[in-house]
Amino acid sequence: MNTILILGATSEIGKEIAYEFARHGFGVVLAGRQPAKLTPLQADLQIKHQIGVEVVEFDALDFSSHPSFYANLVSKPSVVACVFGYLGSQEKAQNDFAEAEKIIHSNYTGAVSILNIIAGDFEQKKAGTIICISSVAGERGRQSNYFYGSAKAAFSVYADGLRNRLFKANVHVMTVKPGFVRTKMTEGLALPPMLTAMPAQVGKAVFNAYLSKTNTLYVLWFWKYIMLIIKNIPESIFKKLKL
């Protein structure tokens, strides 16, 4: 049986990816900082889909634990989805480096730490898929979220390089840029309904893109063109905008 490892499975997007892959017969390994919060999801997946579901503790910021975490997995995955992240506070990060550091490590360094280990394993096996949940926020720095955006930009470039490296080993790396998604992380933000996806949409889109070996997925197609416009605004104009 193929198995998907979901890093950051307590997130709404992580849960929906779990449901979508389980619906198609995948075994699921749910990894998160608070494994007790994952037991209801584990039970629901097992009852609904009659598949094997494991729950394991994983802390993205405890870099030294990552080698033993992966080595000790009972079921080694054929697919890995790196979903964890932290939006944080832009205003706080501007004055408190501890907040800036948490944003950077949660969205970039932690992902690189664990995915380096997984990439090495998949490269040796010459098989596997790595799904990187990044963000359109990484496509151009904006005053409202440039700490989060810069970390996601780094993660997207890392995924690009990993995809280039692993292609010859028959390992596929997919970058996912969901755009606005209505989740706990964005709770309280005034998100435009027409531009906002639901977590279930993300789960379905990710599974379909996995099947087609898509390189970069914009969950709502129009985000690709929105960001194309934003990236092409001349800097002389862009720096005057309040975005």
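Worth a mention:
- FRET efficiency for ASP96 and LYS48, using Cβ-Cβ distance with R0 set to 30 Å, rounded to 0.05: 0.10
- Cβ-Cβ FRET estimate between ARG33 and SER75, R0 fixed at 25 Å, reported to 0.05: 0.80
- Ranked list, fewest to most other Cβ atoms within 10 Å of each Cβ, for LEU189, LEU162, LEU73: LEU189, LEU73, LEU162
- Set of the stretch 132-174 residues, backbone N closer than 15 Å to the point 7 Å along the Cα-Cβ line of LEU243: 136-147, 149-150, 153
- Charge tally around SER89: other residues with Cβ under 9 Å, Lys/Arg +1 each, Asp/Glu -1 each, net -2.
- Under 13 Å, Cβ to Cβ, from TYR218 - net charge with Lys/Arg +1 and Asp/Glu -1: +1
- Taking 20 Å as the limit for the C-alpha separation, the pairs LYS184/LYS239; LYS15/LYS126; LYS102/LYS240; LYS37/LYS177; LYS48/LYS76; LYS177/LYS213 exceed it in the case of LYS184/LYS239; LYS15/LYS126; LYS102/LYS240; LYS37/LYS177; LYS48/LYS76.
- Rough spin-label spacing in nm, given labels placed 7 Å along Cα→Cβ, for ASN170 and MET1: 2.4
- Choice from HIS105, HIS49, HIS66 with maximal GNM fluctuation in the chain (Cα, 10 Å cutoff): HIS49
- Ranking SER236, ALA169, ALA190 by Cα position along the charge dipole of the stretch 3-238, where only Lys, Arg, Asp and Glu carry charges on their C-beta atoms, puts ALA169 farthest toward the positive end.
- Potential lengthening of the chain between SER212 and VAL157 amounts to 17.7 nm, from the contour at 0.36 nm per residue minus the alpha-carbon distance.
- Overall form of the stretch 59-140 per C-alpha gyration tensor (a/c, 1.5; a/b vs b/c): prolate
- Whole-angstrom gap from the stretch 36-88 to the stretch 190-207, using each part's C-alpha centre: 23
- Surrounding net charge for PRO35, when Lys and Arg each add one and Asp and Glu each subtract one, Cβ distance under 11 Å: -1
Every read-out reported here was derived from the displayed coordinates using simple, explicitly stated rules and does not represent laboratory data. Only a predicted model underlies this, so the values are computations on that prediction, with no experimental measurement involved. Positions of Cβ are generated from backbone atoms using ideal geometry, with glycine treated the same way; all protein chains shown enter the neighbour counts.
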